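Every number in this text was worked out from the coordinates using simple rules, so none of it is lab data. Computed from a predicted model, the values in this text were never measured in an experiment. Note that each Cβ is placed from the backbone with ideal geometry, even for glycine, and that neighbours are counted across all protein chains shown.
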Amino acid sequence: MKMEEKLVLVTGGAGFIGTHTVVQLLKEGFRVSIIDNFDNSVKEALDRVKEVVGPALAAKIEFHFLNFDLFMVGSFFFFLQVDLRNKDDLDKVFAKSKFDGVIHFAGRKAVGESVEYPRRYFDNNLIGTINLYEVMAKYNCKKMVFSSSSTVYGQPEKVPCVEDTELKAMNPYGRTKLFLEEIARDISQAEPDWQIILLRYFNPVAAHESGKIGEDPKGIPNNLMPYIQQVAVGRLPELNVYGHDYPTRDGTAIRDYIHVMDLADGHIAALKKLFTPDFKGCVPYNLGTGRGTSVLEMVAAFEKASGKKIPMKLCPRRAGDATAVYAAVDKAAKELGWKAKYGIEEMCRDQWNWASKNPWGYQGKKA
Ligand code: UD1
């Protein structure tokens, strides 16, 4: 089978990383099917995906019709509102289509929320994924690209973080990612016909160059870049800089920010790897740039890209934050043939392009 004939199921396909990956999958010629429960995403995001890929691609992809809870989002991919915790619905999806592989993004990802409501994280992230494995096994679809996170490195004792160091979770969200990695390893150990790639994302930022799709968090953002963006467009008054006494070059914490389009391409590389005959087992890869950027450096780069001043307040450290986290990138380069292309200037340029075109996100300002 040629790569372009393959049908890929994308869970959480309406989300931030999901939408960008769907665009790249379609451009690569994959057929795509999306499920999402819209807990933290909106249907407008999928209309925008359609605008980004354009009518030419639309014409190449076949129609699918399902007789339950179906939203047609153009003619090029089919899409369902399905919650992974509902195994019967999931079974219906797999009964209708023969998927060649799954990219599994769906899940919750806010650290603070996970501390307050841990059962929400266990229910959503763990039960949802366990159901997915069950249904995949039933329909003999055994190729999976899983969204893991640099959170599995905890407070790293050594940087850059290499894939085979000991893993440690610091909060319920991190524990769900760690447990799900262990579950994947156990399944692959017991049933060698599974092929699973665990992608450990560092800090995904930026947006598609069109400015049509991007990150649109509900409520006050937890993460740095969406927060800076909302200060820049006037939705929030100032940025709280959490910690200015870290043992770093300017006292603020260091992270490995990665352009979401690089991340999307990392998924394509991983998926292609799963379709090579030599790939076996369950293998983790870091997706980062290998370069660390401090909070103040990021703010300066964003001010330059946007021409906006970002007022800042220096605050105490945020509980649980590490001093410096960045990726070792050799394994992904060597084995997946993937490397991040973009630096922080391009990340800030594309973040600002998305922000200035959509200051209130996909749905505009609510009255
Ligand atoms: C956070 C999560 C991590 C998750 C990742 C998803 C924590 C402790 N970790 O990573 O598990 O996988 O998001 O992208 O929440 N900062 C500010 N002001 C802000 C927001 C952030 O100064 O308003 C600083 C933070 O202290 C940190 C850096 O910016 O030093 C990056 O923060 P953030 O974007 O939240 O990412 P992480 O904490 O690295």
- C-alpha center-to-center spacing [segment 171-211, segment 256-329] in angstrom: 15 Å
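Considering every pair of different Cα atoms, what Kirkwood radius, in Å, is found for segment 165-272? Don't jump to the answer; show the numbers that get you there.
Values: mean 1/r = 0.0582 Å⁻¹.
Radius from the Kirkwood sum: 17.2 Å.
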- Those GluC sites (Glu not before Pro) in segment 229-326 that DSSP places in a loop and that have at most 12 other beta carbons within 10 Å: Glu238
- Message: Give me the percent relative contact order of the chain, please, defined on Cα pairs under 8 angstrom at least 6 residues apart.
- Response: 18 percent
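Suppose only helical runs count, i.e. DSSP H with n ≥ 4. What mean residue ellipticity at 222 nm does that imply for the chain under -39500 (n - 2.57) per run, divided by all residues and rounded to the nearest 500 deg cm²/dmol?
-11000 deg cm²/dmol
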- Query: Hey, if you put +1 on the Cβ of every Lys and Arg and -1 on every Asp and Glu Cβ in the chain, which of Gly288, Ala340, Phe302 ends up farthest toward the positive end of that dipole?
  - Reply: Phe302
- Task: For the chain, find the longest principal axis of its Cα atoms and tell me its angle to the long axis of helix 87-96, 0 to 90°, nearest 10.
- Result: 60 degrees
- Message: Report the per residue volume, in Å³, of the convex hull enclosing the C-alpha atoms of the chain.
- Response: 134 Å³
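If you filter segment 222-325 for chymotrypsin sites (Phe, Trp or Tyr not before Pro), then keep DSSP loop positions with at most 16 other Cβ within 10 Å, what is left?
Numbers: sites: Tyr227, Tyr242, Tyr257, Phe275, Phe279, Tyr285, Phe302; in loops: Phe275, Phe279.
Hits after loop and neighbour filter: Phe275, Phe279.
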- Task: Show which aspartates and glutamates lie in cross-link reach of Lys6 when reach means a straight Cα distance below 19 angstrom and same-chain residues fewer than eight apart are skipped.
- Result: Glu28, Glu62, Asp100, Asp193, Asp265, Asp278
- Message: Using a 10 Å cut-off around each Cβ, can you sort Ser114, Ser97 from fewest to most neighbouring Cβ atoms?
- Response: Ser97, Ser114
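Taking neighbour counts of Cβ atoms within 10 Å as a proxy for exposure, in what order, fewest first, do Asp100, Asp186, Asp39 appear?
Details: Asp100 19, Asp186 11, Asp39 15.
Going from least to most buried by this count: Asp186, Asp39, Asp100.
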- Note on the structure: Links exceeding 29 Å between C-alpha atoms in this model, out of Lys218/Lys357; Lys87/Lys212; Lys50/Lys313; Lys43/Lys304, come to Lys87/Lys212; Lys50/Lys313; Lys43/Lys304
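Calculate the FRET efficiency for Lys365 and Phe122 from the Cβ-Cβ distance with a Förster distance of 30 Å, rounded to the nearest 0.05. Could the numbers behind the result be given before it?
Values: r = 35 Å, r/R0 = 1.17.
So the FRET efficiency works out to roughly 0.30.
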- Task: Among Gly174, Ala319, Ile213, pick out the residue whose Cα is farthest towards the positive end of the charge dipole of the chain, where Lys and Arg carry +1 and Asp and Glu carry -1 on C-beta, about the Cα centre.
- Result: Ile213
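Tell me which GluC sites (Glu not before Pro) from segment 90-179 have a DSSP coil assignment and no more than 11 other beta carbons within 10 Å of their own. Present the calculation step by step, with values, prior to reporting the outcome.
On the way: sites: Glu113, Glu116, Glu134, Glu157, Glu163, Glu166; in loops: Glu157, Glu163, Glu166.
In loop regions of segment 90-179 (DSSP not H, G, I, E or B), the sparsely surrounded GluC sites (Glu not before Pro) are Glu157, Glu166.
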- Using alpha carbons only, how many degrees (0 to 90, rounded to 10) separate the axis of helix 16-27 from the longest principal axis of the chain? 50 degrees
